[in-house]
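Student: One structure follows; several queries about it will come next.
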Amino acid sequence: MYSVAVKREFHASHFLVGGDWGKENKPHAHHYHVELKLEGSVLNEHGYLVDIVEIEKMFNTVIAHYREQTLNALSEFRGLNPSIEHFARIFCERFTSLIKAPNITAITVTIWENTIAYASFRKEL
C-alpha cells in the first residue's frame, strides 16, 4: 500500500456548544495544522499515487474555505458542535468531493488544534 501526504497550517475560530467547557464556549481561534494522507495500492502511469501538485491545488482550495472563518457560522457545521472530530470528517468529505484519482482507496485527514491535541477521520473510497 502506498501513501502520500501533505500538511498545511491556517487560523480559524470556533466556540463549543452543547456543554459547559468554560472558555471553550466563547469564540476563540486556533492555529490548525492539517495533514491530508491519500492511500492506494496502484500507481499511475507516471509512478505517482496522485501528483502532489494536484493534491496541493485541491488541498489549498479546501483550506481557503476555512481560513480565518468562524466554523460555527459555516453551513456544514449547522447543528453540530464544531469539535476537531467533526472538523476532520467535514474537511475530509470536502476534499473527497474534489479529488479525481481512481487509484485512491482511502483518505485520512488529521487536524491538530494545538501541539498536543488532534483528531483524524479516515474515509475508504
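Student: Test of understanding: in a Gaussian network model of the chain with alpha carbons linked when under 10 Å, which of Glu35, Glu113, Glu24 would top the mean-square fluctuation ranking?
Tutor: It is Glu24.
Student: What share of the DSSP beta bridges in the chain is antiparallel, in percent to the nearest 5?
Tutor: Taking every DSSP beta bridge with both residues in the chain, the antiparallel ones total about 95 percent.
Student: As a footprinting exposure proxy, order Leu80, Leu49, Leu43, Leu36 by other Cβ within 10 Å, with the fewest listed first.
Tutor: Leu43, Leu80, Leu49, Leu36
Student: Under 12 Å from the Cβ of Asp51, count the other residues' Cβ atoms, weight Lys and Arg +1, Asp and Glu -1, and hand me the total.
Tutor: Charge balance in the 12 Å sphere: -1.
Student: Given only helices, namely DSSP H runs of n ≥ 4 each adding -39500 (n - 2.57), what is the per-residue ellipticity at 222 nm of the chain, to the nearest 500 deg cm²/dmol?
Tutor: Numbers: 2 runs with 30 residues, N = 125.
It comes out at -8000 deg cm²/dmol, rounded to the nearest 500.
Student: Let me ask another. Around Pro82, under 11 Å between beta carbons, what's the net of Lys plus Arg minus Asp minus Glu among the other residues?
Tutor: Working: positive: Arg78; negative: Glu24, Glu76, Glu85, Glu113.
It works out to a net charge of -3.
Student: Further question: Can you sort Trp21, Trp112 so the residue with the fewest Cβ neighbours within 10 Å comes first?
Tutor: Details: Trp21 12, Trp112 19.
So the ranking, lowest neighbour count to highest, is Trp21, Trp112.
Student: If you don't mind, another one. Just to be sure I follow the rule: in the chain, considering lysines 8 or more places apart or on different chains, how many pairs have Cα atoms under 26 Å apart?
Tutor: Lysine pairs meeting both conditions in the chain amount to 10.
Since every read-out is calculated from the coordinates, none of them should be taken as a lab result. What you are looking at is a predicted structure, and each value in this text was computed from that prediction instead of being measured. We place every Cβ from the backbone using ideal geometry, glycine too, and count neighbours over all the protein chains shown.
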